[in-house]
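Scroll down for the structure; my scribbles are underneath it.
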Amino acid sequence: MKRISLVLLFVLTLTGVQSVHAQGLRVGDRAWHTVRGGLFLGFNQSLHSGNVPLLPATDNSYFSDGNGSNFIFGVHGEKALTRFVVLGLRLTFDQMSGDIDGRYTEPYRIADNQGTLWNVVRDHSVAYTLQYLSFGGYGKVYPMSGPGLFLSGGLGIGALLKSDFSHSAGVVEPDWASGSQSPEQSGNIDDSNDLRYSASIGLGYDFFFRYGFITPQVMYEFGLNQVVDASYADTWKVNNLRAVIDVTFPIP
C-alpha cells in the first residue's frame with residue numbers, strides 16, 4: 001500500500017507541473033527533434049523471490065525471500081519519432097545484491113550432557129552479489145505530447161559479470177547451545193545463468209534546461225528467467241523497483 005501511495009503521489013505531482021512548465025519547455029523544441037544521448041544514475045531496490053536458497057547447493061532445503069538496495073548507472077540514447085512517441089537504447093551496469101534471512105529447524109537433534117535429545121534451530125543469513133551488464137530498448141508514450149509526462153516500457157538482456165554469496169548460521173535453540181556458529185561459507189554461485197532477460201514499465205517527466213533534458217522516472221523491472229539453472233532453485237527470480245535520473249543532451 002505504501003508503494004502504491006508513493007506512485008500515485010508521483011503521478012499527481014508530475015501532472016500538476018505539466019501546465020506550469022509547458023511554456024518554458026517550448027524552448028526545447030529544437031532539442032526534442034534531434035537524436036539525444038546522455039548518462040543516468042539510479043537507486044535500485046532488488047526483490048529476490050521464489051525458492052531463493054539460504055545456501056546455494058544441491059542439497060539445500062531452506063528457502064526464503066529477501067531484498068537489497070543498490071545503485072545502477074549507464075548511458076542511453078533516444079530519438080523522438082513524433083511529439084507522442086520516443087524510442088531509445090540503454091546500456092546499464094546493474095547490481096542486484098540481496099540479503100536473505102530465515103530461521104529453520106535442522107533435520108537432526110543433539111544430546112545434552114544427560115543424554116536428552118533437543119531440536120536444533122538456527123538463524124541463517126546469506127548475502128548475494130549479482131552484477132550484470134545489461135542492454136535494452138525502450139519506448140516512451142507522451143499522452144499530452146512531449147516533452148513532459150510520459151509512460152514507458154522496455155525489454156532488456158543482461159550478461160552476468162559476478163555472482164557471489166556469503167553464508168552464516170547461528171544456533172538459537174536449545175538455549176544451552178545458543179550462540180554457536182556454523183563455519184561461514186562463501187564463493188561463486190554454481191549454475192548461475194549467464195544471461196538475464198527482463199521487461200520494465202515506468203513513468204517520468206522531462207524537464208528542459210539550457211543544454212538538454214533532466215528526466216526523473218520510476219520503473220518496475222520484471223526478471224523473466226531464473227538466477228540459476230538448477231532444480232533446487234528453479235523459481236528464483238529478481239525484480240527491481242528503480243528511481244532513475246537521466247541527463248540527456250542533443251547530439252549534433
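Remarks
- Per the conditions (1) surrounded by fewer than 18 Cβ atoms within 10 Å (Cβ to Cβ); (2) touching a residue at least 12 places away in the same chain (Cβ under 8 Å); (3) out of contact with any helix residue (DSSP H, G or I) (no Cβ under 9 Å at 6 or more places or on another chain); (4) closer than 30 Å to residue 53 by Cβ, the sole criterion not satisfied by residue 180 is (2).
- Single condition residue 37 does not satisfy, out of (1) farther than 22 Å from residue 203 by Cβ; (2) surrounded by fewer than 20 Cβ atoms within 10 Å (Cβ to Cβ); (3) of a type outside the set (Phe, Trp, Tyr); (4) in contact with a Pro (Cβ under 9 Å, 6 or more places away or on another chain): (1)
- Positions within the range 81-140 being free of Cβ contacts under 8 Å to residues at least 12 places away in the same chain, assigned to a strand (DSSP E or B) and hydrophobic (A, V, I, L, M, F, W, C), in sequence order: 111, 117
- Filter result for residue 68 (crowded, with 19+ Cβ neighbours inside 10 Å and either in contact (Cβ under 8 Å) with a residue 60 or more places away in the chain or out of contact with any Asp or Glu (no Cβ under 8 Å at 6 or more places or on another chain) (or both)): yes
- Single condition residue 109 does not satisfy, out of (1) charged (D, E, K, R); (2) modelled with pLDDT under 90; (3) within 20 Å of residue 237 (Cβ to Cβ): (3)
- Residues of the range 184-201 that are at negative phi and of a type outside the set (A, V, I, L, M): 184, 185, 186, 188, 190, 192, 193, 194, 196, 197, 198, 200.
- Taking the listed residues 179, 212, 202, 170, the one that is over 22 Å from the mean Cα position of the chain (by Cα) and closer than 18 Å to residue 140 by Cα is 212, with no other qualifying.
- Pair list, Cβ under 7 Å, 6 or more apart: the range 235-246 residue touching a residue at least 12 places away in the same chain (Cβ under 8 Å) and within 19 Å of residue 64 (Cα to Cα), other residue part of a loop (DSSP other than H, G, I, E, B) and not β-branched (Val, Ile, Thr): 235/226; 236/226; 237/226; 238/96; 240/96
- Within the range 86-124, considering residues that are closer than 30 Å to residue 250 by Cα and not aliphatic (A, V, I, L, M), the one surrounded by the most Cβ atoms within 10 Å (Cβ to Cβ): 94
- Scanning the range 62-95 for residues that are of a type in the set (Ser, Thr, Tyr) and out of contact with any Phe, Trp or Tyr (no Cβ under 6 Å at 6 or more places or on another chain) yields 64, 69, 82, 92.
- Within the range 221-240, tally of residues that are surrounded by fewer than 17 Cβ atoms within 10 Å (Cβ to Cβ) and either in contact with a strand residue (DSSP E or B) (Cβ under 6 Å, 6 or more places away or on another chain) or at pLDDT 95 or above (or both): 4
- Pick from the range 204-220, criterion surrounded by fewer than 19 Cβ atoms within 10 Å (Cβ to Cβ), touching a residue at least 24 places away in the same chain (Cβ under 8 Å) and out of contact with any Pro (no Cβ under 9 Å at 6 or more places or on another chain), ranking: farthest from residue 165 (Cα to Cα): 214
- Residues considered: 77, 98, 88. Of these, the only one that is of a type outside the set (Ser, Thr, Tyr), under 19 Å from residue 169 (Cα atoms) and at pLDDT 90 or above is 98.
The values are calculated or read from the model by the stated rules, or taken from the named source; none is laboratory data. Quick caveat: nothing in here was measured; it's all calculated off a predicted structure. In this analysis, Cβ positions are derived from the backbone assuming ideal geometry, glycine residues included, and neighbour counts consider all displayed protein chains.
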